[in-house]
Amino acid sequence: QQRDLSTNHQEEKDVKVTLGFAQVGKESGFRAANTSSIIAAAKDEGVNLKLKNANNDQEKQVEIIRGFIKQGVDVIAFSPKVEHGWDEVLQEAKNAGIPVILSDREIEVRDSSLWTSFIGSDFVEEGRRAARWLVNGRKTPGKEVNIIELEGTSNAAPSIGRKEGFEEVLHDHHSYRILDSLIGDFTYRKGKEMMAAALARYGRDIDVVYAHNDDMAIGAIEAIDEYGLRPGKDIKIISIDATKKALTALSIGKLNFSVECNPLLGPQLMKSVKDLKAGKEIPMKIITSEKTFTKEEAKQEILMRHY
Ligand code: GYE
């Protein structure tokens, strides 16, 4: 009997858990680092990963999830493009008995039992951090400060949260005014395009750019350069993610403040997937701890940043 037990144990060990991951797109440096982290962690942890990319198309993402349900994967994880529109497909996953993990973006569904766990950041707090730096650093009290906000993908959790937290802090500081909020879709190309449009319209009235991610901020820096103003000096720039590109811009004074959003979620995701497979309960929210960076701090951090 002793021998039988150990044989069973060995067999159990050899059965790999299969994770279907529906990645949202390829919009940013954060996303590239996130995808690499998931692939590497799956390999390290012996998780059988099926990874598909929706190219920023919600319908496609739903289709990918449906495919995973059909294949009968053990766990489904995805980074939802937007907050709404997931009830139906997640009900299908639930009916099939497949647990769902939300990776880096949250959703709004009628029944919260349709997902098991969220792994990612506190977006509202990120927005607050961006605004706190701005209001704490002011030199000329009373002078109006005009802000251009470059928003991420419409209706995506990070866009909603980062806007909310930023506005919440500015609410008590009346000299700050958001001149315009433009949708840059988290991409370098759109960030640059929107910033060029803002400059054409508001020109030297712009004091600050608040970009919901680094890629848009890098685009904005280029647009400001091309317009003939000095990014980081004539126009202050705040951005979220803290990728190596942004920290580099910060270290040379073209960006002014960086709020970290950690994309390296692979190890935590694989741990949760294995725990689910083993029948363990996992926390409903796993929030990553993150920092902020000024110029001097960026110089140190760059040495350790791989993405
Ligand atoms: O900040 C941005 C990306 O969902 C937290 O999506 C993520 C955001 C990230 O493309 O760069």
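The values are calculated or read from the model by the stated rules, or taken from the named source; none is laboratory data. Since the structure is predicted, the reported quantities are computational estimates derived from the model, not experimental observations. Reconstructed Cβ throughout: ideal geometry from the backbone, glycine too, with neighbour counts over all protein chains shown.
A few remarks follow.
- Subset tally (residues that are part of a helix (DSSP H, G or I) and in contact with a Leu (Cβ under 9 Å, 6 or more places away or on another chain)) for segment 202-225: 13
- Looking across segment 251-265 at every residue that is buried (at least 20 other Cβ atoms within 10 Å of the Cβ) and not polar (S, T, N, Q), the one that is farthest from the ligand (Cβ to nearest atom) is identified as K254.
- Checking the stated criteria, L134 turns out not to satisfy the condition of being over 17 Å from the mean Cα position of the chain (by Cα), outside any helix (DSSP H, G or I) and at pLDDT 95 or above.
- Matching option when the condition is more than 14 Å from the ligand (Cβ to nearest atom), under 16 Å from the mean Cα position of the chain (by Cα) and touching a residue at least 12 places away in the same chain (Cβ under 8 Å), among E164, E149: E164
- Among residues of segment 118-131 that are more than 15 Å from G152 (Cβ to Cβ) and at pLDDT 95 or above, those with a beta-carbon under 8 Å from a residue that is surrounded by fewer than 21 Cβ atoms within 10 Å (Cβ to Cβ) and among the polar types (S, T, N, Q) at least six positions away or on a different chain give the pairs I119/Q268; I119/T288; R129/T292.
To keep it simple, each residue is scored yes or no on (1) within 16 Å of the ligand (Cβ to nearest atom); (2) exposed (fewer than 15 other Cβ atoms within 10 Å of the Cβ).
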site: N48; (1), (2): no, yes
site: D57; (1), (2): yes, yes
site: I65; (1), (2): no, no
site: G72; (1), (2): no, yes
site: K81; (1), (2): yes, no
site: K94; (1), (2): no, no
site: R105; (1), (2): yes, no
site: W115; (1), (2): yes, no
site: A131; (1), (2): no, no
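- For beta carbons closer than 7 Å, sequence separation of 6+ or different chains, a first residue in segment 176-191 that is more than 17 Å from T243 (Cβ to Cβ) and a second that is within 16 Å of the ligand (Cβ to nearest atom) and part of a strand (DSSP E or B), the qualifying pairs are I178/E149; S181/E149; S181/E151; L182/L150; L182/E151; I183/E151.
- One residue stands out among those in segment 18-46 that are among the β-branched types (V, I, T) and crowded, with 16+ Cβ neighbours inside 10 Å: the one that is nearest to the ligand (Cβ to nearest atom), which is V24.
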